[in-house]
Amino acid sequence: MAEIALDGVEKAFDDTVALAGVTLDVRDGEFFTLVGPSGCGKTTTLRTIAGLEAPTAGSVSFDGVGLAGVPTEERNVGIVFQNYALFPHMSVAENVAYGLKFADPPDGQSVDERVTDLLELVDLAGMGDREPGQLSGGQQQRVALARALAPAPEVLLLDEPMSALDARLRERLRRQVKRIQSDLGVTTVYVTHDQAEALAISDRLAVMHDGGVEQVGTPREVYEQPATEFVASFVGENNLLRGDVTEADGGGDGRTVTVSVDGAEFSIGATDAAVGVGDSVTFCVRPEALSVDGSANRFSVDVETAEFLGETTRYYADWEGRTVVFRTPDSHDGRQLTLGFDPADARLL
Amino acid sequence: MRTGRLVDRVGVPLFAVATLAILAVTFFYPVGIVLVEAVVVDGRLSPATILDIVRSEFFFGIVAAALDDPGVLVDSFPDYPLGLFGFTAYQALLSTIASVLLGVPGAYVLARFEFPGRRTVRSLTALPFVMPSIMVAIGFVATFGDNGVLNDALRALGLPTLDLLYTLQIIVLAHAFYDAPLIARITAAAWEGVDASVTETARSLGASPLRAFRDVIVPQLLPAILTGALLTFIFSFMSFAIVLALGGLELATVEVWVYHRVNQLDYATATGLATLEMMFSLALTYGYLRYEARQRASSATRPAPRRDLFGSVTPTRLAVWAYCGIAALIFVVPIASMLLASVTGPNGFTLENYAFLVERQADAYGFQVKPLTAITNSLVYGVGSLAIAVPMGVLLAVISTREFTGRKLVDTLAMAPFAVSGVVVGLGLLRGFVFGTEVFGYRITIAGPIAIIAAHAVGAYPFVTRNVVPALAGIDGTIVESARSLGASRTRVLLDIELPLVIPGVLAGAAFAFAISIGEFDSTVILATGGSGYTMPVAIERFIGRRLGPATAMGCVLLAVTAISFVVIDRLGEGRGLGG
Amino acid sequence: MDRRRFLTTAGAGAAGLLTGCSVESTDSGGTDTDAAGTTTDSGTDSGTAEGTVTGTASGEQPTLRVGTYGSFVDAPSTSPGGWLKEQFESEFDATLEWFAPDGGMNYFLQRRQQGVTIDTDLYLGLTPETLVQADTATEGGDPLFTSVDSGALSNANNIVDDYRFDPQERAIPFGASYISLVINQNTLDERGVSQPETFDDLTTSDYEDGLLVPNPQNSETGLEFMFWTIDHFGEDGYLDYWSDLVANGTEIVQDWGSAYAAYSEGEAPMVVSYSTDQVYADQSGADMAEHQIGFPNGEGYAYLEGMAPFAGTDRSELAVEFMNFVLRPEIQAEIAQRNVALPAVDNADLPADFDDLVYEPDEIVNFGYDDLLGNVDGWLEEWSQQIASQ
């Protein structure tokens, strides 16, 4: 198990810049997720950690030992790819056993014992003789996981392993992977574009955008205290509004600021930065923080679309030409509604 | 395992060095010592020989004339004399087109239809390749001659007969005979790798089957078709014996001239011509390789199911049957004619030709050619050259798929044996090997089995390479990366993962390589001179006389031996790797 | 695979494969080994076709290595080579070794040019043009062949004078034949024409698409036919004649084998071949009407064959004995029959019906050594360029 440290890692392909200086660290035994939209550099970062790409600048180290010039096969990492990349000409058991040609099984186990153990771990006991082509997507993914874990790697890397699976299966496997990871305690870096997934399974996560890291933190931190506009809009659903500060008193945390948006005035409670009157600012309010007929920060909206989600309904409404999203379990057939929110739930970015 | 790790580290590089050494000794050196005469005049480097040829209207037609006087381009438009090179390129182009037109439908039948004996037919697609030109000539005369099968049939139907012999058409047809099966086989392999879902998507979007074929399938087949087309063009361009046998001197190609000039011991002109041939072929190859690099074939997750060849009559089936009829005429009838000729004497059916073979085997003098020796030699050389050509070819394919600057150049040079005149190679082998080379005060001669095997291997390995490269390139990168992450070194990945996955490609290349070895004549005849190292094609040539019987009997033996070998090689590959 | 077993097998295999290779110090004075390969199957040879010409140790049988053309020793129909060897060896205390390289004369010329020893004592099968070719190639240096004191050849004065072709008397004739047309009268009957009488006839519409000629570039037969036309039409006129021939549908085919094969399949009613054709036809019981012999303008081109020792042979005495042997009347008669040709001497005892099937022309045409020297290359080049451009 190892700590991973990336320091100012840059990567350029010909004239495209994939990573523009990534610095982050993953703690020993942590489940760390890189999340972001396509092209943000999360896969490149993962591949750099794996040694499949060499950074054009910056360094990668495990437990403080720099890995420049160390090829993938010597880094002791396990990788699960999006397409599982099982060896088609080998059986399931042979796939899982492959890494054990280059490293002895831990704890003095024999290869066969180790393979059996791992297949049990991923709920595929007895399937050793099957061929990859005979397995379903979920089963293949679990074989890939077992294969990666067999040589007891220091670091486990997963590159969007669930994207090809249906939603139900994805959730189930997610839990399984998380359980295995915490049982084994192996440092894990997980890449996904699905922010909901990232929030659900990570110990900490990094939101990436355009080759850089926007924010690192626990799921709750990132969700409740987005550091940038991008994070605010990418992680979870959010309503972003831009306006001008009309009132600002004092400095420091937790003061309330009044922002005028198209003439409507809103009180914003969660503020970290120092802003002055007349500044252009953006603030965000989570859909669940908007309540129908709320007492503070009231404004009128026209409901356009409703999506029934089971435990709640998501509404898309129009306010002054902007789309506002809010959630409430009650059903509202009416067109016009008044919404409001607590200033403490509004955050200045 | 220290030795294991040592093998890991030095395995591939050592192999690479060995391969390059073999290539250097068996090909570049012999060819070099001959071609050097094209650029050395009176002991000094000089372009005079080559320039003389380029300026000669006989060789370069309008190009040569234009070099002297560009005005000629305008004056003689559009009657441009082609010159020898122009004509050679022209007939090669026609041959390529004909081969593609004949070969691609064949690929369609092989890839998309089911019929009894399909696998055997597929194995036998390499058979025409093996046939020595004299056999093809005999078969074609018997099929397409004035009194041949085709004309007899036309007469019986009351249709006008066709005068095909000694025309450009028959040469093109003969080249197609050799090369269309090659194209069919390579394209069929690619066709089997086309995913059904791609076609189905196109259909669901409104494309008719024909449109879907054109827009979706053809692009996936194009790399394979172009590989076949390139090989066909180069073969037809360098063609010699079949052109003379069926076309007569009026339709001579450059290679005919090279051969003749060598016979007159006029090495300057011969090597000048050969050098120009080689430059042209290499340039073509380089251009093709640049194209090939941009294609990425991928293995099918779900190939479409096959249809039965025999069944209810539909327009498609009718067209396919019509094609099969034409294919039968062009490919099967000449071979059948040869079989027939071997059991026909002046007075009808007879086995005396085969009896001759048996008697000769029993009673021959030491200096005479014996059939069984020829067969054994052919097989030994075939297996031997496979043993060298397959590893060499695979290694060069591996090198070709790694990224490094100058990769295309190395790839082109590796394909050089295709592009160089067989006569020149033979001459080089004669001078360099048989006559011996002086090194450090010793004269080293290399002749006999090892020289022949080396010569065959060098002529054969490009086939292996060209079949393995697309397969290697089609392996998903993530599979390789997974293996590396699990601790496998580059060499181990190659051995454990990549090579097992390309076995179908290796076997396909091996079959053709074997065919090349069996059918090889020019170099073998030089290296086996005077000894008992002769092969079946050499024996066939020896047995040609007034009566065609003995030669055709030997030719049938060659076909039988080769057919069995192909089926064996192909069956070895059944069920191995993907898509068998 | 078991590594040890693999290595031993590989070792043995490698040893077998290396036969035919040699490493020799270039300082060694003796003859270099002309290494040729063997295979695993040697069968029941009654003689070997490889190996060295070693110096004679006392008591060892000397070997005479004679170069010749393939069909003299190894034709599928008949060849005199085997018989001749048996006869010679039964009478003389020596071994006769035939050597028929695929490149013919070029094989020896290439070796000479590269400075490699020829390693052969005598060549049997010289024609005027191959002799000219050899002399032209070795011009300025040592000639390839050497002459023999004709006093040593007992039957030499019975050699037909017309058959002699070497002014330096190196090549001694041993046989002859005639180039002629071989005609399929049945096909001509279908056309309603009789056999052509003259060269010019061949360019008329009666005989359109009528003639197959082996390529002079590859075939002696075709080459001599070309000489024949030069003799008949002169150096200035023969090209026009060929132009007319080709325009009339004459095809120039790869070699004699292809031409004759096509003729047999009925591609054309006439082919340039030998006047001894009916001997073979008779042997195989074919229809004689399809093997008519035609001598245009009553001429036939003499295809002369000679033998000469290689210069530098250390077996001159044995070579002379062999040549003497070959010229004996009874040997000449046998060679003529087995080679299906005519004897070079006029006192050979031929069977009575020999003349029935072997035709000789009224007028013999032949280019001798002096006619050919310096001309052949030029003729061939201008001829071939014209044909290929047509």
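Being open to solvent by 50 Å² or more (accessible area, probe 1.4 Å), among the hydroxyl-bearing types (S, T, Y), assigned to a loop (DSSP other than H, G, I, E, B) and touching a residue at least 24 places away in the same chain (Cβ under 8 Å) is a description that does not apply to A:S59.
Would you confirm, using the coordinates I've provided, whether B:V121 is at pLDDT 85 or above, assigned to a helix (DSSP H, G or I) and open to solvent by 30 Å² or more (accessible area, probe 1.4 Å)? Yes: the conditions hold for B:V121. Among the residues of segment B:379-425, those identified as among the hydrophobic types (A, V, I, L, M, F, W, C) and open to solvent by 40 Å² or more (accessible area, probe 1.4 Å) are B:L379, B:V380, B:V383, B:A387, B:I388, B:I399, B:F404, B:L409, B:V410, B:L413.
Residues in segment C:280-296 that are part of a strand (DSSP E or B) and touching a Ser or Thr at 6+ places or on another chain (Cβ under 8 Å): 2 in all.
For segment B:19-70, taking the residues that are in a helix (DSSP H, G or I) and among the charged types (D, E, K, R), the one that is least open to solvent (accessible area, probe 1.4 Å) is identified as B:E37. Scanning segment C:204-246 for residues that are of a type in the set (A, V, I, L, M) and not in a helix (DSSP H, G or I) returns C:L211, C:L212, C:V213. In the set C:M288, C:M226, only one residue is out of contact with any strand residue (DSSP E or B) (no Cβ under 7 Å at 6 or more places or on another chain) and surrounded by 23 or more Cβ atoms within 10 Å (Cβ to Cβ); that residue is C:M226.
The criterion of at least 2 residues that are within 11 Å of another protein chain (Cβ to nearest Cβ) and surrounded by 24 or more Cβ atoms within 10 Å (Cβ to Cβ) is met, among helices (runs of 4 or more DSSP H) falling completely within segment B:480-559, by B:522-527, B:536-542.
Here segment C:108-124 is the region considered, the condition is being facing another protein chain (nearest Cβ under 10 Å), in a helix (DSSP H, G or I) and in contact (Cβ under 8 Å) with a residue 12 or more places away in the chain, and the residue that is least open to solvent (accessible area, probe 1.4 Å) is C:L109.
Taking the listed residues C:E305, C:E299, the one that is away from chain B (no Cβ under 14 Å), within 25 Å of C:D282 (Cα to Cα), touching a residue at least 40 places away in the same chain (Cβ under 8 Å) and touching a Ser or Thr at 6+ places or on another chain (Cβ under 8 Å) is C:E305, with no other qualifying. Apart from one condition, C:I331 fits all of (1) under 19 Å from C:P80 (Cβ atoms); (2) surrounded by 24 or more Cβ atoms within 10 Å (Cβ to Cβ); (3) among the aliphatic types (A, V, I, L, M); the exception is (2). Would it be correct to say that B:L154 is without any contact (Cβ under 8 Å) to a residue 12 or more places away in the chain, assigned by TED's automatic domain parsing to the domain that holds B:T232 and outside any helix (DSSP H, G or I)? No: the conditions fail for B:L154.
In a residue-by-residue description of segment B:173-188, the property of being open to solvent by less than 30 Å² (accessible area, probe 1.4 Å) and within 14 Å of another protein chain (Cβ to nearest Cβ) applies to at least one position.
Looking at segment A:44-95, which of its residues are β-branched (V, I, T) and either within 22 Å of the chain's Cα centre (by Cα) or over 22 Å from B:T491 (Cβ atoms) (or both)? Once the filter is applied, which keeps residues that are β-branched (V, I, T) and either within 22 Å of the chain's Cα centre (by Cα) or over 22 Å from B:T491 (Cβ atoms) (or both), segment A:44-95 yields A:T44, A:T45, A:T48, A:I49, A:T56, A:V60, A:V65, A:V77, A:I79, A:V80, A:V92.
Let's see how each residue does on (1) within 14 Å of chain C (Cβ to nearest Cβ); (2) at pLDDT 85 or above; (3) buried (at least 22 other Cβ atoms within 10 Å of the Cβ):
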position: B:T253; (1), (2), (3): yes, yes, yes
position: B:W257; (1), (2), (3): yes, yes, yes
position: B:A274; (1), (2), (3): no, yes, yes
position: B:L282; (1), (2), (3): no, yes, no
position: B:Y286; (1), (2), (3): no, no, no
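With respect to B:A207, is the statement that it is at pLDDT below 80, open to solvent by less than 30 Å² (accessible area, probe 1.4 Å) and in contact with an Asp or Glu (Cβ under 9 Å, 6 or more places away or on another chain) true? Taking the combined requirement at face value, the residue satisfies it. Residues in segment C:87-107 that are outside any loop (DSSP other than H, G, I, E, B) and more than 9 Å from chain B (Cβ to nearest Cβ): C:Q87, C:F88, C:E89, C:S90, C:E91, C:T95, C:L96, C:M105.
The residue list B:L73, B:L101, B:L94 contains one member that is part of a helix (DSSP H, G or I), touching a Leu at 6+ places or on another chain (Cβ under 8 Å), open to solvent by 20 Å² or more (accessible area, probe 1.4 Å) and not polar (S, T, N, Q), which is B:L94.
For segment B:428-443, the candidate set comprises residues that are assigned to a helix (DSSP H, G or I) and within 7 Å of chain C (Cβ to nearest Cβ); within that set, the residue that is least open to solvent (accessible area, probe 1.4 Å) is B:L430.
If the condition is being assigned to a loop (DSSP other than H, G, I, E, B) and either open to solvent by 40 Å² or more (accessible area, probe 1.4 Å) or more than 7 Å from every other protein chain (Cβ to nearest Cβ) (or both), then segment A:68-89 contributes A:A68, A:G69, A:V70, A:P71, A:R75, A:N76, A:Q82, A:N83, A:Y84, A:L86, A:P88, A:H89. In segment C:249-260 there is no residue matching the filter, namely being more than 10 Å from every other protein chain (Cβ to nearest Cβ) and either open to solvent by less than 40 Å² (accessible area, probe 1.4 Å) or of a type outside the set (F, W, Y) (or both). Checking each residue in segment B:444-473 for being facing another protein chain (nearest Cβ under 7 Å) and either among the basic types (K, R) or assigned to a strand (DSSP E or B) (or both) picks out B:I444, B:T445. Between A:S38, A:S59, A:S110, the distinction of being more than 11 Å from every other protein chain (Cβ to nearest Cβ), among the hydroxyl-bearing types (S, T, Y) and closer than 24 Å to A:A198 by Cα belongs to A:S38 only. Restrict the check to segment B:462-470 and report whether at least one residue is among the aliphatic types (A, V, I, L, M), on the phi < 0 side of the Ramachandran plot and modelled with pLDDT under 85. Yes, because at least one residue in segment B:462-470 is among the aliphatic types (A, V, I, L, M), on the phi < 0 side of the Ramachandran plot and modelled with pLDDT under 85.
Got at least one residue in segment C:295-305 being at pLDDT 90 or above, within 30 Å of C:M323 (Cα to Cα) and open to solvent by 30 Å² or more (accessible area, probe 1.4 Å)? Yes, segment C:295-305 contains a residue that is at pLDDT 90 or above, within 30 Å of C:M323 (Cα to Cα) and open to solvent by 30 Å² or more (accessible area, probe 1.4 Å). Candidates are the residues of segment C:347-360 that are in contact with a helix residue (DSSP H, G or I) (Cβ under 6 Å, 6 or more places away or on another chain) and either surrounded by fewer than 18 Cβ atoms within 10 Å (Cβ to Cβ) or under 18 Å from C:F225 (Cβ atoms) (or both); the one that is nearest to the other protein chains (Cβ to nearest Cβ) is C:L350.
Would you say A:L100 is within 13 Å of chain B (Cβ to nearest Cβ), in a helix (DSSP H, G or I) and open to solvent by 10 Å² or more (accessible area, probe 1.4 Å)? Yes, satisfied.
The values are calculated or read from the model by the stated rules, or taken from the named source; none is laboratory data. Worth saying up front: this structure is predicted, and the values here are computed from it rather than measured. Note: ideal-geometry Cβ built from the backbone for every residue, glycine included; neighbour counts use all protein chains shown. Heads up: the accessible areas ignore ligands, DNA and RNA and are worked out on the full protein's heavy atoms, side chains in. Shrake-Rupley method; radii C 1.70, N 1.55, O 1.52, S 1.80 Å.
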